[in-house]
Amino acid sequence: MEAYIYDFVRTPRGRSGRGGSLREITPVHLAATVLRALRDRNGLDTALVDDVALGCVGPVGEQGSDIARTAVLVAGYDSSVPGVQMHRYCSSGLETCNTAAAQIACGQNELAIAGGVESLSRVPLLADGGAGAGSRRRVWQGGALAPAGGTGRGRGTFRALGRARGGRQRHGSAGLR
């Protein structure tokens, strides 16, 4: 069996931190907004959804527990729809998409929703601690913690987007559509 992507939705991006443009919106509400958009744009009977998988780099606090299942309920999906949260650091969202596709390809699921959720304005990077969190000196750089002397993820992403088609403005405005 083959897996197909039928639609995609993303939230807008903003600067992280206390002054971030999305700081008032909880991570679960960001995710629920995307789930509602998928449902409404496609006339989706949510009872047909076999699974919702969301990757999250810092699954603590407001992003903790099983944020995917919580977002399913907040979005008003059928109560039978499960949710799973995956943590693979920066590839968490990609990992959920790969896992959902593999489950469809092997016949385990027929319809899955996959993606990622993160709010650095509300849950700081490395808030979950982890085995290596305190082992290196880190500095605040470009809205993210980075190894001292290195380029942080936030700044590195913005540099990459600046070189990509259309730059940061174009990518940020895509989330508003």
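Where a number appears in this text, it was derived from the coordinates with a stated rule and is not lab data. Keep in mind it's a predicted model, so treat the numbers as computed, not measured. Counting neighbours? That spans all protein chains shown, and the Cβs are built from the backbone with ideal geometry, glycine included.
Numerical summary
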{"item": "For region 13-113, size of Cβ-based charge dipole, Lys and Arg +1, Asp and Glu -1, in debye", "result": "560 debye"}
{"item": "Local electrostatic count, residue 87, Cβ distance below 14 Å [Lys/Arg +1, Asp/Glu -1]", "result": "-3"}
{"item": "Cleavage-rule hits, GluC sites (Glu not before Pro), region 1-87, DSSP coil, Cβ neighbours within 10 Å at most 15", "result": "2, 24"}
{"item": "5 Å binning of all Cα-Cα separations within region 1-127, expressed as whole percents from 0 upward", "result": "2, 12, 21, 25, 21, 11, 6, 2, 0, 0"}
{"item": "³J(HN,Hα), Karplus 6.51/-1.76/1.60, whole Hz, each residue of region 96-111, x for Gly, Pro", "result": "5, 5, 4, 5, 4, 4, 5, 5, 5, 4, 8, x, 6, 10, 10, 9"}
{"item": "Residues whose placed amide H lies under 5 Å from that of residue 114, excluding near-sequence neighbours", "result": "53"}
